[in-house]
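Scroll down for the structure; my scribbles are underneath it.
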Amino acid sequence: MLFSAGAVAAETHPLQLKTSERATVERLACQDPHGLAMQTLDGHTYGRGDSVPAVAEVHCAPHGMFKGNPVHYMVQCAREQSEWSCHGEWNEIVVEAGEDRIPVRVEGKTSLALSYQVVQTVANGGRFQGYPLRKTLVPPCYVNRGAAQEFIDVKCEGWHIIVSTWCPQTECPRVLSMSRTGD
């Protein structure tokens, strides 16, 4: 967790940063670690004022292309006691599934190609236990290869899907389980 428990109870407001503070976030999230400019910053504060706790998602300028779409670093940053820090970084790609464009945040050393293939499998997988798989892909979606290399976790807003890349008798990858989160 990037902020204190007390901050969660406070009212939230759109994040508006002074030029100098915006430059600090850009340096921490994009310039120092990657030598890139910041493309977008979206966040909110917990309360009012220049030093109240805040969180932000930062998209750095593209650092590559994948399947005709830009690849961005997406970084989560937080302000506590007037100081910004950034933790949590993903490569964000776009997975095209029919007419939909699904932003997918690839975690760890999971390859972009495997992540794309897994999300397309879910998007085009029809139904799993009677529920349309496409409806589970509510952005943002996070894809991560677990400790057991044959399992891929896909976590989207309210859903956790486990996909297997070990499929001795069926088409691969394949959905193994699907559950709601936060219920």
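Each value in this text was obtained by applying a stated rule to the coordinates, not by laboratory testing. A quick note: this is a predicted structure, and the numbers were derived from the prediction, not measured. Don't worry about glycine lacking a Cβ; one is built from the backbone with ideal geometry, like all the others, and counts go over all protein chains shown.
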Inset, instruction - Could you pull out every residue, at least 5 positions away or on a different chain, whose amide H is within less than 5 Å of the one on TYR142? Hs are placed 1.01 Å off N in the peptide plane, and Pro or chain starts have none. - result: ARG105, LYS155, CYS156
Legend entry - Dipole magnitude of region 98-180, debye to nearest 20 (Cβ charges: Lys/Arg +1, Asp/Glu -1, about Cα centre): 120
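Please tell me the relative contact order of region 79-183 in percent, rounded to the nearest whole number, where contacts are Cα pairs under 8 Å and at least six residues apart. Don't skip to the answer; put the middle values down first.
On the way: 183 pairs, mean separation 19.0, N = 105.
Contact order relative to length: 18 percent.
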Inset, instruction - First check a/c for region 73-117, with a ≥ b ≥ c the square roots of the eigenvalues of its C-alpha gyration tensor; if it is under 1.5, answer rounded, and if not, answer prolate when a/b is larger than b/c or oblate otherwise. - result: oblate
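With charges only on Cβ, +1 for K and R and -1 for D and E, what is the dipole size of the chain about its Cα centre, in debye, rounded to 20? Each step should come with its number before you reach the end.
Working: 16 positive and 20 negative charges, 78 e Å.
Charge dipole of the chain: 380 debye, to the nearest 20.
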Inset, instruction - Of the listed values (i) 9, 37, 41, 13, 0; (ii) 9, 32, 31, 21, 6, 1; (iii) 9, 36, 36, 14, 4, 1, 0, grab the one calculated as P(r) over Cα pairs in 10 Å bins from 0, in percent from the structure here. - result: (ii)
Legend entry - Rounded to whole Hz, the Karplus (6.51, -1.76, 1.60) HN-Hα couplings of region 88-103, x for glycine and proline: x, 9, 9, 8, 9, 10, 10, 9, 8, 10, x, 8, 8, 10, 9, x
Legend entry - Prolate/oblate/rounded call for region 98-180, Cα gyration tensor, a/c under 1.5 rounded: rounded
Legend entry - Per-residue [θ]222 nm for the chain (sum of -39500 (n - 2.57) over DSSP H runs n ≥ 4, rounded to 500): -3500 deg cm²/dmol
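What is the local net charge at GLN31, summed over the other residues whose Cβ is closer than 14 Å to its Cβ (Lys, Arg +1; Asp, Glu -1)? Let's see the in-between values first.
Working: positive: ARG22, ARG27; negative: GLU26, ASP32, GLU89.
Residues close to GLN31 contribute a combined charge of -1.
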Inset, instruction - Give the residue from ALA37, ALA54, ASN144 lying farthest towards the positive end of the charge dipole for the chain; charges sit on Cβ (+1 for Lys and Arg, -1 for Asp and Glu) and the dipole is referred to the Cα centre. - result: ASN144
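Longest segment of the chain with no trypsin sites (Lys or Arg not before Pro) in a DSSP loop having at most 14 other Cβ atoms within 10 Å? Could you put the intermediate results ahead of the total?
Working: sites that count: LYS18, ARG48, LYS67, LYS109.
The longest uninterrupted stretch comes out as 110-183.
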Legend entry - Nearest-ten-degree value, helix 112-123 long axis tilted from longest Cα axis of the chain: 70
Legend entry - Formal net charge of residues neighbouring SER164 (Cβ-Cβ distance under 12 Å; K, R +1; D, E -1): -1
